Amino acid sequence: MAFTLEMARGALEKLNAVIEEKKDYLTDLDSAIGDADHGINMNRGMKRVMEKIRDKEYSDFGGLFRDVAMTIMSAVGGSAGPLYGTFFMKMGQKLAGKREVAEDEFADAMQEGLSGIMALGKSQLGDKTMVDALQPAIDALREPAPDASAAWAAALKAAEKGMEDTIPMLSKRGRSSYLGERSIGHQDPGATSVAYLIASLREAALEG
Ligand SMILES: Nc1ncnc2c1ncn2[C@@H]1O[C@H](COP(=O)(O)OP(=O)(O)OP(=O)(O)O)[C@@H](O)[C@H]1O
Ligand SMILES: [Mg+2]
């Protein structure tokens, strides 16, 4: 039961494809409570990531995730760029020198990345942000499971529930927080793109 460097690369390819497919939906979600750019931002960022990593050899997660982080940070402005960038940067630092880890070690690295997001964004669970999908997914991935397939299935289910749970929340961070009570009743775009990230990791992990 291990998550490999090749799986990480596969997951990024899948994320790029799903973001491309869902970019209008993400932007629609962001138009309800933000500035209608989350799909555009993520699409631009992931395309650049693929251009950067496609033909490059990596010897460890550290090098791959550092390139992903730097590319996202430079290609995506606003909040999501620095937040996603920090996530991948911290994950890469935690996994430096490794090209294969057990799922729980991968979950630890994701937790490190999430701590980076929360520190940068001054955000907490329940603020109606990407944190609300990411934390439950990591917690679920850490739970003892019979195999990797079950662990990733639980993580995806938790991410999707976390994403849906943002609907009734009152936003406390980002542009949507300016809406106050009017942010209630809408799904957070960042929590939605995080659910796609977890779905992509799961698919890549299952394909092996
Ligand atoms: N302080 C924060 N902490 C964690 N996540 C945040 C924070 N601010 C925004 N987000 C996440 O970023 C998403 C918006 O990303 P987007 O690509 O639209 O960037 P943006 O328009 O610059 O963001 P915003 O207008 O919310 O500051 C939100 O849906 C939310 O999940
Ligand atoms: Mg936006």
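Computed about its Cα centre, the charge dipole of segment 1-46 is approximately 220 debye, with only Lys, Arg, Asp and Glu carrying charge at their Cβ. Note on residue 128: lysines with a C-alpha under 17 Å away, same-chain residues under 8 apart excluded, are 161, 172. The lysines within cross-link reach of residue 56, meaning a Cα-to-Cα straight distance under 28 Å and a gap of 8 or more places when in the same chain, are 14, 22, 23, 47, 90, 94, 98. The angle between the Cα long axis of helix 38-53 and the longest principal axis of the Cα atoms of the chain comes to about 20 degrees, rounded to the nearest 10. Considering only alpha-carbon pairs that sit under 8 angstrom and 6 or more positions apart, the relative contact order computed for segment 146-185 is 30 percent.
So, in Å, what gap is there between the alpha-carbon centers of segment 31-83 and segment 101-172? For segment 31-83 versus segment 101-172, the Cα centre distance is 19 Å.
Hand me the GluC sites (Glu not before Pro) from segment 9-114 located in a DSSP loop with no more than 16 other Cβ atoms within 10 Å, in residue order please.
57
For the chain, the longest principal axis of the alpha carbon atoms and the long axis of helix 61-75 meet at an angle near 30°. Taking a straight Cα-Cα cut-off under 19 Å and skipping sequence neighbours fewer than 8 places away in the same chain, the aspartates and glutamates within cross-link reach of residue 122 are 112, 132, 188.
Name the most mobile residue of 14, 122, 22, meaning the one with the largest mean-square fluctuation, in a Gaussian network model of the chain with Cα contacts below 10 Å. Of 14, 122, 22, the most mobile in the Gaussian network model is 122. Summing charges over neighbours of residue 191, with a neighbour being any other residue whose Cβ is under 12 Å away from its Cβ, gives -4 when K and R count +1 and D and E count -1. Once both labels are positioned 7 Å from their Cα atoms along Cα-to-Cβ, the gap between residue 55 and residue 167 label points is 4.6 nm. Semi-axes of the equivalent ellipsoid of the chain are 26, 19, 15 Å, computed as sqrt(5λ) over the eigenvalues of the C-alpha gyration tensor in descending order. Computed on the chain, with alpha-carbon pairs under 8 angstrom and 6+ residues apart, the relative contact order is 24 percent.
No value in this document is a laboratory result; all are computed from the given coordinates. It should be emphasised that the depicted structure is a prediction, and the values quoted were computed from it without experimental measurement. Every residue, glycine as well, gets a Cβ built from its backbone with ideal geometry; the counts of neighbours run over all protein chains shown.
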